[in-house]
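The values are calculated or read from the model by the stated rules, or taken from the named source; none is laboratory data. All of these numbers come straight from a predicted model, not from anything done at the bench. Virtual Cβ from ideal backbone geometry, glycine too; neighbours counted across all protein chains shown.
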Amino acid sequence: MSSEKNKVMNPVIEAINNRMSIRSYEPKPIPRDIINTIIEAGNQAPSRGRQEKGSKEFLFQPWRFVVVENSEFKQKLIQTTYPFWKNMTESMKETHPEIYEQVMMQYEAMPEPKDMVYYSAPVILFVIGPAGYAVSCALACENIMIAATSLGLGSCYVGFGAMVKGNAEVVQALELTDDERIYGPIVLGYPKDEPSTLASIRPKKKEPKIKWI
């Protein structure tokens, strides 16, 4: 195991080490130039190419981004996805009681109005791409979260937030096609000082398992 003093550090490594999933945000808007900077960081991620129908060219960067700031549209998203969260949480009551207890602690600590899917974040960033490009789009998502940390913002990858295809109005607004998937979405915002009940459920990182050959 390497000692702390022997670790090489720079601003990129520090941002990676400091990134964590934030679930409590200040009701403060994010300037558009900062959002654009974060999206551009995602756009710089590596990706494999795809060939458009009828074209001989391979196109890289298969993703596109949708930024949600509108409060009314956020409510549509919450109303669409909350039932999935509730059903999943209730199913853990008997099968995973410890996790259920932690989730409910978080729920009780959350101020009104409670939003357990998007955490009342000022920005919900949808990363959308063709089915089959999960790796490429995941790399873009990781770039986004590291960039957000480096700029003093919090982020969280919210899987339940992708469960919106049952709402035709949401699908239309996101311009989702049948062959596209939502990777994320990622919520962004300025972190709020969290109660200990929220901080306590963050898992500690294990030491990496490494084999040298």
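For region 130-185, name all the residues that are among the acidic types (Asp, Glu) and either in contact with a Gly (Cβ under 7 Å, 6 or more places away or on another chain) or surrounded by 15 or more Cβ atoms within 10 Å (Cβ to Cβ) (or both). Step through it out loud before you land on a result.
Going residue by residue through region 130-185, those that are among the acidic types (Asp, Glu) are 142, 169, 175, 178-180.
Correct list: 142, 180.
Can you tell me which condition residue 172 does not meet? The list is (1) of a type in the set (S, T, N, Q); (2) part of a helix (DSSP H, G or I); (3) under 18 Å from the mean Cα position of the chain (by Cα), and all the others hold.
For residue 172, the failing item is (3).
Inside region 90-116, can you point out the residues that are buried (at least 16 other Cβ atoms within 10 Å of the Cβ) and either of a type in the set (Lys, Arg) or over 28 Å from residue 28 (Cβ atoms) (or both)?
92, 100, listed by residue number.
With the checklist (1) buried (at least 16 other Cβ atoms within 10 Å of the Cβ); (2) at pLDDT 90 or above in hand, flag the one item residue 47 doesn't pass.
Here residue 47 meets the rest and fails (2).
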